[in-house]
Amino acid sequence: METRRDERINRLIQALKRSDKIHLKEASALLGVSEMTIRRDLSSEPGPVVLLGGYVVLEPRSVTANHYLLSDQKTRRIEEKRHAARLAAALVRPHQTVFFDCGTTTPYIIEALDDELQFTGICYSLNTFLALQDKPGCRVILSGGEFHASNAIFKPINFQECLNNFCPDIAFFSAAGIHIRHGATCFNLDELPVKHWALEMAQQRVLVVDDSKFGKVRSACMGPLSAFDLIISNEEPDAAFVEFAASENIHLEW
């Protein structure tokens with residue numbers, strides 16, 4: 001028999017299908033109970049939902065430094081990410097096949113797409129998949145493989161099974177760092193095989209980042225900036241970067 005606690009946790013699970021975390025105050029309003037009640041629900045016994053840093057989250061066994069970063073970044077620079085995402089979404093045309101990278105900016109691109117738009121979306125991360133499956137006009141293709149909870153991606157075991165069958169019209173990439181010398185970088189080496197596949201196979205390659213990523217260098221190298229046709233952000237980069245982009249024939253939008 002389902003208890004009231006079970007009912008509340010199930011409602012939280014359903015809400016977390018649309019977002020990788022919910023602030024405790026928001027969860028309290030959603031369920032119509034006190035924050036203390038939610039704290040008791042989540043601490044009384046192990047389960048699929050936990051409280052982390054004042055937020056209700058899924059994946060209780062994956063509280064690693066990188067996972068916390070993924071969760072933490074979703075609440076940062078939201079308007080800047082949405083601004084860049086809207087510009088990116090305007091590039092998509094009906095019936096195209098579109099690759100969506102992992103990260104916290106990419107779901108905002110999907111959010112900005114018209115619900116009536118008919119397209120095929122290819123993805124390899126859980127949060128991107130959940131955003132795509134809410135689009136009624138989208139045929140969703142999730143690349144299977146080994147699940148890495150730290151960044152919520154599925155790392156393909158055999159590319160021949162899925163990804164090598166596609167040549168996306170557009171590939172949208174996210175990055176944790178953009179640097180003139182070191183190119184586009186991210187935190188996790190596990191992401192690189194799919195990112196490199198998309199860079200090779202996509203007809204148009206678009207890097208979508210907020211302005212805080214410029215000048216940063218992270219540990220995993222996606223590739224030189226010349227590998228991208230277009231870089232979209234929320235504001236104009238500095239003069240040195242604009243000059244570099246022009247010399248490499250990289251189009252900029254903001």
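Summary table below
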item	result
Filter pass, Arg139 being within 24 Å of Ser233 (Cβ to Cβ), open to solvent by 10 Å² or more (accessible area, probe 1.4 Å) and not small (Gly, Ala, Ser)	no
Some residue of the stretch 162-178 being modelled with pLDDT of 95 or more, of a type in the set (A, V, I, L, M, F, W, C) and open to solvent by 60 Å² or more (accessible area, probe 1.4 Å)	yes
When residues of the stretch 130-152 are limited to those that are in contact with a helix residue (DSSP H, G or I) (Cβ under 6 Å, 6 or more places away or on another chain) and among the polar types (S, T, N, Q), the one modelled with the lowest pLDDT	Ser150
Filter pass, Arg86 being modelled with pLDDT of 85 or more, open to solvent by 50 Å² or more (accessible area, probe 1.4 Å) and assigned to a helix (DSSP H, G or I)	yes
First in the stretch 204-228 and touching a residue at least 60 places away in the same chain (Cβ under 8 Å), second anywhere and open to solvent by less than 40 Å² (accessible area, probe 1.4 Å) and among the acidic types (Asp, Glu), Cβ under 9 Å, 6 or more apart	Val208/Asp101
Criterion: of a type in the set (Lys, Arg) and within 27 Å of Thr104 (Cα to Cα) - qualifying residue of Arg40, Arg4, Arg8	Arg8
Count of residues meeting criterion [part of a loop (DSSP other than H, G, I, E, B) and free of Cβ contacts under 8 Å to residues at least 24 places away in the same chain] in the stretch 115-138	5
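The values are calculated or read from the model by the stated rules, or taken from the named source; none is laboratory data. Here the structure is a predicted model, which means the values were calculated and not measured. Ideal geometry is used to build each Cβ from the backbone, glycine not excepted, and the neighbour counts take in all protein chains shown. To get the accessible areas, we keep the full protein, side chains included, count just its heavy atoms, and leave off ligands, DNA and RNA. Shrake-Rupley method; radii C 1.70, N 1.55, O 1.52, S 1.80 Å.
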